[in-house]
1. Can you compute the FRET efficiency between Y225 and R5 using 1/(1 + (r/R0)^6), with r the Cβ-Cβ distance and R0 = 45 Å? Round to the nearest 0.05.
2. Tell me, what HN-Hα J-couplings in whole Hz come from the Karplus equation 6.51 cos²θ - 1.76 cosθ + 1.60 at θ = phi - 60° for each residue of segment 181-194, using x for Gly and Pro?
3. Carbon and sulfur: what percent of segment 247-342's accessible surface (1.4 Å probe)?
4. With the contact rule set at Cα under 8 Å and sequence spacing of 6 or more, what percent relative contact order holds for segment 58-131?
5. Determine which residues of segment 286-330 fall in the zone a paramagnetic label at A17 would reach in this model, i.e. backbone nitrogen under 18 Å from the point 7 Å along Cα→Cβ.
6. Return the whole-Å distance between the Cα centroid of segment 290-341 and the Cα centroid of segment 109-187.
7. Given points 7 Å out from each Cα along the Cα-Cβ axis, report the Y88 to D133 separation in nanometres with one decimal.
8. Using θ = phi - 60° and the Karplus relation 6.51 cos²θ - 1.76 cosθ + 1.60, list the HN-Hα couplings for segment 66-72 in order, rounded to whole Hz, with x at every Gly or Pro.
Amino acid sequence: MNNFRTLLKNVDKVIVAVILLLAAISLLAIASANHANGILGRDVIVQTAAYIIGTCAVLVMMTRNYTIFRGLEKYLYVLALLLLLSVYVPGLGIEQFGSRAWINLRITTIQPSELVKFLFIIIMAGYLDTHRDTLYNFKGLIKAGIVAAPIIVIVLKEDLGSALVFASIWVVMIFFAGINLGVFAKFFALVVAAVPVAYVFMADYQRERIEAFLHPDNLNLSGNYQVWQSKVAIGSGGFFGKGIFNGTQKELDFIPVQTSDFVFSVIGEETGLIGGLVVIGLFTILLVRMAGIVRDSHDFYGALIVAGATGMFMFQIFENIAMTIGLMPVTGITLPFISYGGSSIIANVLVLGLVLNVGMRSKSINFR
């Protein structure tokens, strides 16, 4: 226990402070979006509970070295597949927002794909740590792709956004593992060639979102009207914003999915350019500190874990914010640590717990 207390002193306090600030911003933005139902509405309570549950799980997890997951990749892989397939179990899986990606636990619903992100990073870290020497040939890269493909394909069937997050994790970890760029170029060409085939098998709403992004001026296409309203809200916030709880676009319910996908629009309208830059600044600090942990990691396995987590957060942050201003298609990707969603918050906190675990065990420790 004394050793663990010593380790805790080495936790990256800047990252902890950033997450606390993002959590506070999250609760404030969600309270503002739902304040007609009371500041302490159900969404605020659920979000707070998710942060508490995730933090407790992380504290327990941090009492053990992150290497305890080493060698468990096959079991975690099976668990990941079972979680993803659980949405198709009659009476358990339910359809929401046009896709069957949730399971109903009666008291609440959870999105398995969010929790699988945590497992996916561990699975790929173990595989790449063992097979990094094979990534210099096309066959080795194909094998790495085959490992990830079942998870990505299952997720893609119901949730394009989450599938893109998994793909971004895979790409970042592959590059960090030292992929031969010539080999990757061939692999990328193969993936591009398969895109038309994947498009055929996409759900109608997924194809509509792609069409909407390619034709942003057509407000009749699904998603374009929502993005237009989001841009109006952010633009109307000006430099300093309209003030917390005073957003008119939000209040009139013009901003779509304001507590989740478009929560950044609420922040932009009510706190203006200044508030938006503060949020982006906090995310930048988080990513820079995570990159520092990658650099200082004592082993390649730990560095791969943090690299995967960095790739995940970086893509989600960029996609979500860019989506709200029309620079990226609407994919339903949430803004890490801010958007409403118990599954998302718990998963993000767990992934960050892995990062902190690697970081605190990468520093010199004096047990005297």
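1. 0.25
2. 4, x, 5, 5, 4, 5, 5, 4, 4, 5, 5, 4, 5, 8
3. Carbon with sulfur: 72 percent of the solvent-accessible area.
4. Averaging sequence separation for qualifying contacts and normalising by length gives 29 percent for segment 58-131.
5. 286-293
6. Segment 290-341 and segment 109-187 have Cα centres spaced 15 Å from each other.
7. About 3.9 nm separates the two model spin labels.
8. Result, rounded to whole Hz: 4, 6, 5, 7, 5, x, 9.
The values are calculated or read from the model by the stated rules, or taken from the named source; none is laboratory data. The model shown is predicted, which means the values in this text are computed figures rather than measured ones. Neighbour counts run over all protein chains shown; Cβ positions are idealised from the backbone, glycine included. Side chains included, ligands, DNA and RNA excluded: accessible areas come from the protein's heavy atoms. Shrake-Rupley method; radii C 1.70, N 1.55, O 1.52, S 1.80 Å.
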